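These notes concern the structure reproduced below.
The values are calculated or read from the model by the stated rules, or taken from the named source; none is laboratory data. Fair warning: this is a prediction, and the values are worked out from it, not measured in the lab. For neighbour counting, all protein chains shown are included, and Cβ atoms are generated from backbone atoms with ideal geometry for every residue, glycine included. Only protein heavy atoms, including side chains, enter the accessible area calculation; ligands, DNA and RNA are left aside. Shrake-Rupley method; radii C 1.70, N 1.55, O 1.52, S 1.80 Å.
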Amino acid sequence: MRVIKTVADFREARRQVAGSLGFVPTMGYLHDGHLSLVRAARAGNDCVSASIFVNPTQFGPNEDLSRYPRDLERDLAMLRAEGTDLVFAPGVEDMYPQGFATHVDVTGPLTARLEGAARPGHFKGVATVVTKLFNIVQPTRAYFGQKDAQQALVIKKIVADLDMNLEVIVMPTVREEDGLAMSSRNVYLKAKEREAALVLSRSLALARDKWSRGEKDAERIREDMRKLIESEPLAKIDYVSIADASTLEELETLDKLALISLAVRVGNTRLIDNILL
Ligand code: AMP
């Protein structure tokens, strides 16, 4: 496994790749969710690359950029164990040198709602860094997690709109045994908060349960989810959404593929989760 820190060195390594290249972009502090993407890339391509870059432009001014967990040595050991060939781990100055002035901005409903509404500028940062990473890595296929459902839609949109020559593959959310979606941010949770964080997956399970018993009224399901989350004193709802899974428009009736998603603050930690129904 080669660990490469600069754009020029990565380009040089990329030239030597024969066959298809699978790519997994990450912000590091890896867990099994990330590794499921690496395994899919390994199974589907001749060569596998991952990136580790905590992208400052996708964090808001009052968000957790400075305390975002980092452990490069541990990440590299995990990537090595999965048979990764190339790791791109640039510094901020490599990705955003002095005078950097170009951004990719996906406009319209895909970025206006949900995470886009709660985190102004977030998707502009994501779109810009992912476009840069795609240009540097030149992957055949890129792998993303359903955990960040809206991000996956935004990236598919960029690839389609800008005629990028790669395939975007979205893999299922990997969960802890008790249902909590794996996230690098779970490390922030104190013991009581870790317990309280189960309201996210529980409220999604409740939605699935109601839906499978025939409930098709979206607002009644949202209301039941909110009630369950509000019963947890450490949890504070940011949003609970039942939306068209491709346009993210809020639904009145569950009569098409729906993305049930939520963002909840548990203590100081903001967590997101979703399912498709
Ligand atoms: P991050 O390091 O949080 O930027 O995530 C890097 C990639 O891993 C993104 O495509 C995420 O959607 C994906 N990912 C994060 N958590 C999970 C999870 N629990 N299951 C599957 N994929 C995940």
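Quick rundown of the values:
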quantity: Positions within region 199-221 being free of Cβ contacts under 8 Å to residues at least 60 places away in the same chain and of a type in the set (A, V, I, L, M), in sequence order; calculated: Ala205, Leu206, Ala218, Ile221
quantity: Residue match in region 136-153 (condition: free of Cβ contacts under 8 Å to residues at least 60 places away in the same chain, open to solvent by 60 Å² or more (accessible area, probe 1.4 Å) and within 11 Å of the ligand (Cβ to nearest atom)); calculated: no
quantity: Single unsatisfied condition, Lys157 versus (1) away from the ligand (no atom under 13 Å from the Cβ); (2) closer than 29 Å to Ala218 by Cβ; (3) not assigned by TED's automatic domain parsing to the domain that holds His31; calculated: (3)
quantity: Cross-chain or 6+ apart pairs with Cβ under 6 Å, region 117-129 first and farther than 22 Å from Ser51 by Cα, then acidic (Asp, Glu) and open to solvent by 30 Å² or more (accessible area, probe 1.4 Å); calculated: Ala118/Asp238
quantity: Total residues in region 252-274, condition open to solvent by 20 Å² or more (accessible area, probe 1.4 Å) and among the hydrophobic types (A, V, I, L, M, F, W, C); calculated: 2
quantity: Candidate set from region 120-132 (those that are farther than 16 Å from Ala160 by Cα and over 15 Å from the mean Cα position of the chain (by Cα)); member that is surrounded by the most Cβ atoms within 10 Å (Cβ to Cβ); calculated: Gly121
quantity: Qualifying strands (runs of 3 or more DSSP E) (wholly inside region 1-116; at least 1 residues being within 16 Å of the ligand (Cβ to nearest atom)); calculated: 21-26, 47-52, 86-88
quantity: Residue in region 189-198 that is within 11 Å of the ligand (Cβ to nearest atom), touching a residue at least 12 places away in the same chain (Cβ under 8 Å) and either touching a Phe, Trp or Tyr at 6+ places or on another chain (Cβ under 9 Å) or part of a helix (DSSP H, G or I) (or both) present; calculated: no
quantity: Hey, Ala117 open to solvent by 10 Å² or more (accessible area, probe 1.4 Å), aliphatic (A, V, I, L, M) and within 21 Å of Pro61 (Cβ to Cβ) or not; calculated: yes
